[in-house]
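S.K.: Below you will find the structure I want to go over with you.
The values are calculated or read from the model by the stated rules, or taken from the named source; none is laboratory data. Being a predicted model, the structure only gives us computed values, none of them experimental. When we count neighbours, we look across all protein chains shown, and the Cβ atoms used for this are built from the backbone with ideal geometry, even at glycine.
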Amino acid sequence: MTWGDGTRAVRAGLPEPTAYEPTLPGPVFAAHYHLPGEPTGPYTYGRDDNPTWTHLERAIGELEAPGAEVETLVFASGMAAISAVLFSQLRAGDAVVLPSDGYQALPLVREQLEAYGIEVRTAPTGGDAQLDVLEGARLLWIETPSNPGLDVCDVRRLVKAAHAQGALVAVDNTLATPLGQRPLELGADLSVASGTKGLTGHGDLLLGYVTCTDPAVAASVRRWRKIVGAIAGPMEAWLAHRSLATLQLRVDRQCGTALALAEALAARPEVSGLRYPGLPTDPSHRVASAQMRRFGSVVSFVLADRERAERFLAALRLAEDATSFGGVRSTAERRGRWGGDAVPEGFIRFSVGAEDPADLVADVLRALEA
Ligand SMILES: *Cc1c(COP(=O)(O)O)cnc(C)c1O
């Protein structure tokens, strides 16, 4: 039986119903478990495993790769998950390819990888430019759509080239969420994401995860989690699982409104550099349509300068000036305030929430007049 995304989301990871037990068991708060005799699993010590993680890990696995045998590991944050893959899979002397336009912490990761004797190469996401620096690399790291520039690369094409020379491929699936894109079905070895953003969607927790097919890769990532101890709290894991039930409702609303907002912005003379992969005129639309099922909640565009962008942000009533994205309440920010991203001073990253589409679009158009 194949289910739709909404059915899968509300049921994901639930244990078999047990009389007089809740449908989704509550968080298990345990540093250690009763463990007589030989210390065999499944639950021994709280840094190694936790039943609340187990339910959430099954849920994420069912969404990332429906019907497939995969292993998922949850982490304290997206960066904990990303670091777990990079530092567990790479050794001194290896080469890794990262995107040059990816998440803003990647340059910090790069410094650390280089300090450990790993060669780091970068190229932009757009135009599949990472292909040009792939030769001899042990791992290819893809971020598509890229944050904040919203460029898209052809995952199948990059995977084919990487696998032909024995490289592993990991995709950062944060922006798309598993309902927007399933990297493992596109051939990637690992799907890695921050659950802080659209996956959980309420802006009230940090979380990360790694989903992969190869048990040996999963075992080494699991070992890294145990060594570093970057583990999710049981309360966060439980809240995340609870939030997954509404993933399809949230993502469908947010993606629909994001497209409506992008269409409204496309008609405005003061807006330039508009990007939304779901917009038929977007440079990424053709590739995105071939590999994405939904195009995400983030729209980016450029206003004339910093002053104009700040005035716009201050005039918004339905979008708070805040970083991060994917939440039920819209947020927007002038990305250049952080430094690090190669974006113009007037560059706005707008995260579309679950407000009524007409209200949000009207608020944005009104704020542009400010
Ligand atoms: C936010 C983000 C991360 C990092 O996630 P945290 O949960 O903040 O550690 C990684 N990749 C992308 C694309 C992100 O947007």
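S.K.: Tell me which of these T52 doesn't satisfy, since it passes every other one: (1) within 14 Å of the ligand (Cβ to nearest atom); (2) in contact with a Pro (Cβ under 8 Å, 6 or more places away or on another chain).
M.R.: (1)
S.K.: Name the residue that is nearest to D189 (Cα to Cα), counting only residues in segment 73-88 that are touching a strand residue (DSSP E or B) at 6+ places or on another chain (Cβ under 8 Å), in a helix (DSSP H, G or I) and more than 7 Å from the ligand (Cβ to nearest atom).
M.R.: V85
S.K.: Going through A170, A176, A237, A216 one at a time, which residue ends up being touching a helix residue (DSSP H, G or I) at 6+ places or on another chain (Cβ under 6 Å) and not in a strand (DSSP E or B)?
M.R.: A237
S.K.: Consider T246 carefully, then state whether it is of a type in the set (S, T, N, Q), more than 16 Å from the ligand (Cβ to nearest atom) and closer than 19 Å to A354 by Cα.
M.R.: The answer is yes for T246.
S.K.: Check segment 317-324 and report whether any residue there is touching a helix residue (DSSP H, G or I) at 6+ places or on another chain (Cβ under 7 Å) and at pLDDT below 95.
M.R.: Yes - at least one qualifying residue is present in segment 317-324.
S.K.: A92 versus (1) within 16 Å of the ligand (Cβ to nearest atom); (2) of a type in the set (A, V, I, L, M, F, W, C); (3) in a loop (DSSP other than H, G, I, E, B): which is the lone unmet condition?
M.R.: If we test A92 against (1) within 16 Å of the ligand (Cβ to nearest atom); (2) of a type in the set (A, V, I, L, M, F, W, C); (3) in a loop (DSSP other than H, G, I, E, B), just (1) comes out false.
S.K.: With the structure loaded, tell me whether T196 is part of a loop (DSSP other than H, G, I, E, B), in contact with a helix residue (DSSP H, G or I) (Cβ under 8 Å, 6 or more places away or on another chain) and in contact (Cβ under 8 Å) with a residue 40 or more places away in the chain or whether it fails that test.
M.R.: It is true that T196 is part of a loop (DSSP other than H, G, I, E, B), in contact with a helix residue (DSSP H, G or I) (Cβ under 8 Å, 6 or more places away or on another chain) and in contact (Cβ under 8 Å) with a residue 40 or more places away in the chain.
S.K.: Let me ask you something else. Does Y209 satisfy the condition of being more than 15 Å from the ligand (Cβ to nearest atom), among the aromatic types (F, W, Y) and modelled with pLDDT of 95 or more?
M.R.: The answer is no for Y209.
S.K.: A further question follows. Out of (1) within 16 Å of the ligand (Cβ to nearest atom); (2) assigned to a strand (DSSP E or B); (3) farther than 24 Å from D204 by Cα, the odd one out for A342 is which?
M.R.: (2)
S.K.: Residues in segment 275-329 that are among the hydroxyl-bearing types (S, T, Y), within 16 Å of the ligand (Cβ to nearest atom) and outside any loop (DSSP other than H, G, I, E, B): how many?
M.R.: Qualifying residue count, segment 275-329: 1.
S.K.: Could you tell me whether D128 is touching a strand residue (DSSP E or B) at 6+ places or on another chain (Cβ under 8 Å) and within 30 Å of I348 (Cβ to Cβ)?
M.R.: So D128 fails the test.
S.K.: Further question: I'd like the residue in segment 95-105 that is of a type outside the set (S, T, N, Q) and more than 8 Å from the ligand (Cβ to nearest atom) and, out of all such residues, is nearest to G149 (Cα to Cα).
M.R.: Per the criteria, the residue is D101.
S.K.: Quick check: anything in segment 117-126 within 30 Å of H285 (Cβ to Cβ), more than 16 Å from the ligand (Cβ to nearest atom) and among the small types (G, A, S)?
M.R.: yes
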